[in-house]
Each structure stands twice: as C-alpha cells, then as structure tokens.
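The values are calculated or read from the model by the stated rules, or taken from the named source; none is laboratory data. For clarity, every value in this text was computed on a predicted model and none was experimentally measured. FYI the Cβ positions are ideal-geometry reconstructions off the backbone, even for glycines, and counts take in every protein chain you see. SASA here: full protein model, heavy atoms, side chains in, ligands and nucleic acids out. Shrake-Rupley method; radii C 1.70, N 1.55, O 1.52, S 1.80 Å.
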Amino acid sequence: MQDTTRKSLTELGLPVEYIESVPGGLHICEDDAENGYPFVYLSDHFLKITGWTREEIAERFENKYSLMVHPDDFETAHGYTCVGEESGSSQQDDRIFRMFGKHGYIYVSGNAREIKTNGKTYIQGIHNAITHFVKNIEKEKRALRTLRLEGRSDQAEIIRAISKVFYCIYYIDMRDYSYFDLGKTTLELDDLVGTKGNAVTAFPQVGKFLIHEDDYERFVEYTDVTTLDERLRDKTWISEQFFGMTAGWSEGLFIASDREEDGRLRHAIWAVRSINEEKNKELAYQEELRELAAIAQSANEAKTNFLFNMSHDIRTPMNAIMGYSQLMRKGLTDKKLLDYQDKIDRSSKLLLSIINNVLDMARIDSGETEIHEEHVKISNIPAAISDVLGAEAKRKSISFGYTVNVEHDHVLADSTKLNEIFMNICSNAVKYTLPGGSVTAEIDELPCDRSGYALIRTRITDTGIGMSKDYLPRLFDSFTRERNTTTGKVAGTGLGMAIVKKLIDLMDGSIDVQSEEGNGSVFTVIIPHKIADKSYYNHSKDNEIENSDHLIQGKRLLLAEDNELNAEIALAVLEDIGLVVDHVEDGRKCLEKIMKMPSDSYDLILMDVQMPVMNGYEATKAIRAIPDESKANIPIIAMTANAFDEDRRNAFSAGMNGHVSKPIDVNSLVEQLIEVLS
C-alpha cells in the first residue's frame, strides 16, 4: 500500500506554521467517508502515541483513519458536523475513544475540525494519549468497589476524598504489609511497584529510582511500614516532603485508616501528591527572605560601623570640651566665671547624655544589646545615683532620698544597664520636679516563686509636674515628649523612657507608671535577679580602703594617645592625681618603649584604642607576647571614645585589664586605676 502521508503541508495548501505549532498527535485526512478518510499528513507525535511507523500504517490500515479507530467508538470519534464552504470551519468538542495501537488498544482524548482550502475539505484531528489516566480511573473504581464489598465503605469515602488531591494512593494491610493500588499512579510507579505487592520490599524501590539521592535515606526511613504503627500511635497522619529526580517536589502522607480493638494499626493509606509549584514558590520566598536578611544584615553592619565612628568622632571633641572645662575650673576664683564654667559642664553632660541615648536606642533596635551579668550589690545602685544627682537636687532645693529593704542584697545583674534604667527615671524625676519638691526611691524584695532568684521592686516617687492621662500610653514610645524643649524649657530627645522600657524587657522585668498632671509620678520597676554569693563583695568592694588615692600616688604610667588635645588633658588629669606620666603617640611606639625600658619602668599603661600605625588592641597583644613576663604582664587599661558593650569585651579579649571611656570622668578613672593597681 502506498504511503500518502508524506505530502508537504505547502503542497496541500494548508497553513504550515499553525499546524506545526499545534501540540499533541496531529493528523490530517481527506473528508472522504466512502474511502475511510485517507491520511494525507501524520505528525511525528501521532506516530509516537500509536507506536506505528508511516509504513506500518499504510500496510496495516491502508492509510485510512476509519480503520485505526475501534469500531464501537467510531461514531464518538467522528462526531463533528460539516457546515459548508461559506460558513468557514466547524469544531468538534474533546471526545474520549479507543484507537488501535501497536501494543493494543489505547485511549485518546481527541477533537477534530474541518479545514477548507483550494476547493477541498480536510479534517484535522488532534489526539492525546490518556490510556494510563483511564486505566487508573477503572482501577480506582475496582478498588473502591472491593472495599465496599468487604464492608469498608468508610475507608472508600476517605480514599475518594483524598483522591481529589493526591495522584497515587495505596491501601496497606498492616497485618502482613500487603498493599493494593487504588489508582491514579504514574507510569513510573506502576512499573516499579505494580498494582499490588509487599510494601516492605516495594516502597524502598520507589526511592531508589525516583527520589533524589540527597533525600533517599530519609525517604526509606519514612516509608518503612514496619515502624508505621509506632509512628502513628498517637496521630491520625504523618507527612514528609521529598525531591524527585524527574517529578520535582512531592509530599507523602501516611493515614491511620482503622485500628484493632487494642489500638494497633489494622490498615493504613499511603498517598502522594505533587507540591512542586507550591514548594518552588516557598523556596523562592525563602530565597527572597535570605536576600532581604542579607540586605538587613549589611544595613545593620553599616549602621554599627556608623555608630562606632559617630561615637568616636563626637566623643573626641566632647572629651576636649569637658576636660578643659574641668581643668579651667581649678584656676578660677571669679564667681561669675565659675558660674559660666558650671553651666558649660552641665550643658556638656546633657549633650553627652543625649548622644548616649541616641546611640543606645539605635543599638537596642538593631538587636545588638545583650545582658552581661556580674555581681551587684542592690544597695549600691541608689547610693551611686544619689552621688550623681545629689548636687543637681541640692541646687534645685529638692529633697532626694532612698530606702533599701531587701533580704538578698547580692545578686547577679547587668550593673551598667541597671544604673542606666534608674538614672534615666531618677534624673527625669529631678528634672521635672519644681524647687522645694522631693524625689524618693524605695527598694523592696517581693516573694519570688522562682528558685534561686530574688524579685526586686524599685518604686521611684516624685512631686513633680506629672503627666496627663492622654500621654501615659505613649510614654515609652521613641522620640515622644509631652512637652517639647521650647514649651517645657527642659532639654531632651524623648528616648530615655523608651530605652528604660526596652532594657527592662531584656531583663524579663516590668514597669508601671502612675501619674497625674500637677501631682507628680510613681514609677514601679520589678526585675528578677539571680541570687549571688555575698562573699564576692566581702573580699572585694566592701573591703576597699576609704580614701585609697594614696595607692596610686607616685606610680609611673605610660600614656599611649595619638590625639594632641586628648593627650594634653589626660596628662594634666593624671599628673594632678599624683601619677608620673610618659607619653607616646601610637601603639608601635608604646610597644617599643616597653621593650626598650627596664622591666620596672612602668606600673601601668593607659592605652587609647584607635591609633595610627598600631592600634591599642594590636599593641596590647604584642606586649602580652613579650618573652619577659614582667613586661608582658604589665596592667593595661583601655581608653576609648567608643563606649559600647563590645568595646569592653574587645578590650578584655585583647588582654587588657580595664576600660574607661571618653570623655574621661576623673572619678571613674581613679576607680579603675585603684582596682587595677591594688
């Protein structure tokens, strides 16, 4: 029989580009019913679907479409209507019918349309193979019918429900681990495990051939039906996600179908569905989140660097202003000039406080603030605050007092942050209390149900101007003040209370505020602290000798400071408290000086951190590596314009013995010197 299907589409006068772009198994035949609709064109995909070659179709079916369709299905396949030349072409809806394939009947989903060209009428058909789909439906119907015949209609309904989502379903008898296929499986799964078998040996085969090697071991463990009863003991279902080598992402679901009277699993269902699209969206979203996190991390690092630089750049001139102001005061006798100097000093401290608040808030918001616990004596906190605020309270004729009534005076806490909390609250109380008023702090210990902890309540009461009820809900918001600097005549950033709240939250504490406009305020802070051994203080702070300045008198100190103004101030302060001081301009010169001079030349090094040539950390590490132990172990105190917690940690990590921040506070410096030298 002659093969007539090799004619070109151009020769037939048919639209080449359109026809060749049509998906599916395409054929074109003459509209000649008497001759069985002879083929004039067969696509390669049509041949692939049927399994025949062109020559075989010509020989076996005489190139006639009617002979390839199952006789019982021909009317279904041919159900279009011709409507005539002037009406254009007609279209047939999708039909399901059988065709003769090389290996038996195949089910196809097809449609046909008329094409009129060059005075001739052709029929174009497009077929897609759906044999596996149809067989799965039949298989599912048989399986559900079997379940109903066995009196398990409830199981049939479960399976019918999940079959709408899952593309393969297996029913497992847990007594012997046998299974049968409930339909909708892929060709690959059918080839691997068949329609029934033993799940112990069959299911791992799926993973071996279809699951990516990175997920294989997890897949085998998940599909181990011998452990399924235990894994489903208190559960209705368990699921896992896996990546396939060909199908992408899938989700496997084991369902406890029914149980024996003793609770053991009798039957289980294993179902699999494709989650490729949603998983890819999830992975894309996760990748987007990672990219956003990287951007945020980069921004945080940039902000951190900015804060370090800002802190250093602002504190360096502030150190000069405050330092020279303190030095100038010693030479002043004129009351008016002393008053000017006092105002410069107070304004400088206010400016430094504002700078600290801005930097602290930025650090807290970036999540870089941590709690660093150390031994703290509760009664020392109000005493220290009273020492700082006492002068200002006295100047305004404000009574400032405190009481301490605690059983556990020694605790583990972050003393720096505790001081910051109560200094903010108390300084505000003094700031907003009119002359003749009072500020009191009451510290009590409350009953605590947490073993090893003391619950400390601090109540700070003032007779100040108070706050309105409308403002109280916004008290702890950043950059909020009830009265701005212009109307209230009190300077500030509106950050102090926001910092207080965030620090208390970090300590798992709480703060409550009661206030009435014109009648003062009451701040109540409750914080849990670990109880500490008071023997720590018995051997340290409590035994410090009063007026111990003599411990540093005449000690020789090497100052490493590159800034000329800062060096001049430091030299004046250090010499004024009785130290003998040498000065070098950078870390390398400091190292060279220590190596060159005899071992007992210096009792201590005061080391700036940010210096050219060799910074303070590098110089400290180099000194600690000197073979001469007496030189290597010389005490070193860091002196830096950066005042963050990590500056202290970095100083101790580099081998330093202490840390003071700029602007230099003489009392703090003396305390550090005494602590290191005593």
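On the stretch given as the stretch 307-331, residues that are in a helix (DSSP H, G or I), open to solvent by 60 Å² or more (accessible area, probe 1.4 Å) and either at pLDDT below 75 or among the charged types (D, E, K, R) (or both) total 3. Among the residues making up the stretch 443-459, a single one is surrounded by 17 or more Cβ atoms within 10 Å (Cβ to Cβ) and more than 38 Å from the chain's Cα centre (by Cα): I443. Among the residues that make up the stretch 561-582, is at least one of them at pLDDT 85 or above, within 42 Å of the chain's Cα centre (by Cα) and either open to solvent by 80 Å² or more (accessible area, probe 1.4 Å) or hydrophobic (A, V, I, L, M, F, W, C) (or both)? No; the residues of the stretch 561-582 include none that is at pLDDT 85 or above, within 42 Å of the chain's Cα centre (by Cα) and either open to solvent by 80 Å² or more (accessible area, probe 1.4 Å) or hydrophobic (A, V, I, L, M, F, W, C) (or both). Annotation note: of G252, G248, G244, the sole residue that is within 19 Å of F180 (Cα to Cα), under 29 Å from the mean Cα position of the chain (by Cα) and surrounded by 14 or more Cβ atoms within 10 Å (Cβ to Cβ) is G252.
Per-residue answers, yes or no, for (1) at pLDDT below 75; (2) surrounded by 13 or more Cβ atoms within 10 Å (Cβ to Cβ):
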| site | (1), (2) |
| --- | --- |
| D154 | yes, no |
| I159 | yes, yes |
| L182 | yes, yes |
| E188 | yes, yes |
| F203 | no, yes |
| V220 | no, yes |
| T227 | no, no |
| L232 | no, yes |
| E240 | no, yes |
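Residues in the stretch 377-427 that are more than 18 Å from T463 (Cα to Cα) and acidic (D, E) were compared, and the one that is most open to solvent (accessible area, probe 1.4 Å) is E407.
Listed here are the residues, each with its yes/no results for (1) surrounded by fewer than 17 Cβ atoms within 10 Å (Cβ to Cβ); (2) at pLDDT below 80; (3) closer than 19 Å to I172 by Cβ.
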{"site": "H212", "(1), (2), (3)": "yes, no, no"}
{"site": "A256", "(1), (2), (3)": "no, no, yes"}
{"site": "A271", "(1), (2), (3)": "no, no, yes"}
{"site": "E301", "(1), (2), (3)": "yes, yes, no"}
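Taking the criterion of being charged (D, E, K, R), modelled with pLDDT of 80 or more, in a helix (DSSP H, G or I) and loosely packed, with under 15 Cβ neighbours inside 10 Å, the only residue of the stretch 622-648 that qualifies is E629.
For the stretch 255-294, which positions are part of a loop (DSSP other than H, G, I, E, B) and either hydroxyl-bearing (S, T, Y) or out of contact with any Phe, Trp or Tyr (no Cβ under 6 Å at 6 or more places or on another chain) (or both)? Within the stretch 255-294, E260, E261, D262, G263, R264 meet the criteria.
Take Y80 and tell me if it is at pLDDT 85 or above, surrounded by 14 or more Cβ atoms within 10 Å (Cβ to Cβ), of a type in the set (S, T, Y) and farther than 30 Å from C168 by Cβ. In short, no.
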